[in-house]
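Worksheet: the structure to be examined is printed underneath.
The values are calculated or read from the model by the stated rules, or taken from the named source; none is laboratory data. Values in this document were obtained by computation on a predicted structure and should not be read as measured data. Cβ coordinates were reconstructed from backbone atoms using ideal geometry, including for glycine residues, and neighbour counts include every protein chain displayed. Only protein heavy atoms, including side chains, enter the accessible area calculation; ligands, DNA and RNA are left aside. Shrake-Rupley method; radii C 1.70, N 1.55, O 1.52, S 1.80 Å.
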Amino acid sequence: MIVDQIEEGIVLDHITAGNSNQIYNVLGLDKLDCTVATIQNADSVKMGKKDIIKIGKLIDIDLDIIGYIDPGVTVSIIKDGKIVERKKLALPETIKDIIKCKNPRCITSCEQELRQEFKLVDRENKIYRCIYCESQAPKHIK
Amino acid sequence: MNNLIDIMQLSVEEIDKLIETALDIIDNPEKYAEACHGKKLATLFFEPSTRTRLSFEAAMYELGGNVLGFSAANSSSAAKGESVADTVRTVGCYADIIAMRHPKEGAPLVATRTAGVPVINAGDGGHNHPTQTLADLLTIYREKGGFENLTIGLCGDLKFGRTVHSLISAMSRYKGIKFVLISPEELKVPKYIISDVIEKNNIPYEEVTSLEENMPKLDILYMTRVQRERFFNEADYLRLKDTYVLTPDKMKLGKDSLSVLHPLPRVNEISVAVDDDPRACYFKQVLNGKYMRMALILKLLEVEV
């Protein structure tokens, strides 16, 4: 299967196979008016299988969200058919308004205008805790 | 801004200094009688409390200051739906320092953002209660002469007991500490406290269910109440509330040098007959709490005496 190279846009590569739908949804790529290609289960020497998303337009994307979902993703910025910048992601130190605290005793459960904020406490095990109640972040986004 | 939300915000040196101040207050109360003259403490208690609120108020009065506030959410504008941020922003216009209790975890942290004056967490749900830990620490210091080489038994509700979590964190910084965690299966210390605090500091610990079998090894026994207000299910509360009751018979199994602490209020987890035992320290703990709150108010208001 052939998916054309893009002249200008963003390529999200090395997405863990199966994660592209979540990234697509959380970045709101369905709302774009440009071409967006999602390639699933592509062969990868390094990963075995991987997903790729190609976005045919330069847009602002929240790297923290992608870093939280899948820190191994590489983000390439394409201009005139060439990669002009490649960003390696890492787990962000804090994540805001991406996941919601599930603790019914947390102040965020009754004061809806508070930002949902989590802090990375254990990089190795990818553990985030709510800055208010210290509950561990849920595994899934909102 | 100076605030106290979590006991771990205080370094070991800062705790030493607070204890030093508290001991000086005990020896020389007259020296501190006007230390906070003209200052006001607001006690914002969105959840009922007897001891903590009165302790803060007594502390401020004994420092020569004044007190204002409320003692239940339904007597504040929270009942009208006002946010914590707005309430404390308003109160910050009237008071020099705020002590706040709230049933929701993290509410005092929210308060620090808008109060404009120091905020003390006087208990937020099952999360933190740092000034109770200060009371516990002064009691341990006065009973044991220091914080090192102690086997500490914590008994009862170790899951929701915020005082237990704070005390474990605070004591984990001293040498030669061992924890014996005595609770029913359903009320064990949360895993993150075990991994992030106890194991991270390489502190020996045991998780056990029998109080009797473990009494002989303890230097300190920290009893806790199974708190009805932390349960969503009444049946679970009723099933677990009487798991441990400390009686004179069980006290016979303890060392002569044992110190029994309890954050109070007790329901029936310590028999009244234990009160006359010289090893029962829980009412001394109440008094120590007032002295430590006085020391803390002085520190946060940056009052030198």
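Observations, loosely collected:
- Candidate aspartates and glutamates for bridging to A:LYS46, where Cα separation is under 14 Å - those fewer than 8 sequence places away on the same chain excluded: A:ASP13
- Electrostatic dipole magnitude of the range A:39-121 [Cβ: Lys, Arg +1; Asp, Glu -1; Cα centre; debye, to 20]: 320
- Prolate/oblate/rounded label for the range B:29-141 (Cα gyration tensor, a/c 1.5): oblate
- For the range A:1-80: rounded, prolate or oblate by the Cα gyration tensor [a/c cutoff 1.5]: oblate
- For the protein assembly as shown, the alpha-carbon radius of gyration amounts to 1.18 times the rule-of-thumb value 2.2 N^0.38 Å expected for a compact globular protein.
- Of B:LYS40/B:LYS290; B:LYS252/B:LYS284; A:LYS119/B:LYS191; B:LYS31/B:LYS290; A:LYS82/A:LYS119; A:LYS119/B:LYS159, pairs whose Cα-Cα distance is over 24 Å: A:LYS82/A:LYS119
- For the range A:1-66 versus the range A:92-142, the spacing of their alpha-carbon centroids is 26 Å.
- Alpha-carbon centroid distance for the pair the range B:134-149 / the range B:1-60, whole angstrom: 17
- Fraction of beta bridges assigned by DSSP in the protein assembly as shown that are antiparallel (%, nearest 5): 50
- Carbon plus sulfur fraction of accessible area for the range B:130-285, probe 1.4 Å, in percent: 49
- Ordering of B:140-149, A:11-20 by packing [mean C-beta count within 10 Å, highest first]: A:11-20, B:140-149
- The range B:184-305 - accessible surface per residue (Å², probe 1.4 Å): 49
- Gyration tensor (alpha-carbon) shape descriptor, the range B:217-278, a/c threshold 1.5: prolate
- Taking amide H positions as modeled 1.01 Å from N, with prolines and chain starts lacking one, the residues under 5 Å from A:ILE127 and 5 or more places away or on another chain are A:VAL121, A:ASP122.
- 3J(HN,Hα) couplings calculated from phi for the range A:10-19 with the Karplus curve 6.51 cos²θ - 1.76 cosθ + 1.60 (θ = phi - 60°) are, in sequence order, 9, 10, 9, 10, 6, 6, 3, 3, x, 8 Hz; Gly and Pro show x.
- Taking all pairs of distinct alpha-carbon atoms in the range A:25-142, Kirkwood radius in angstrom: 16.3
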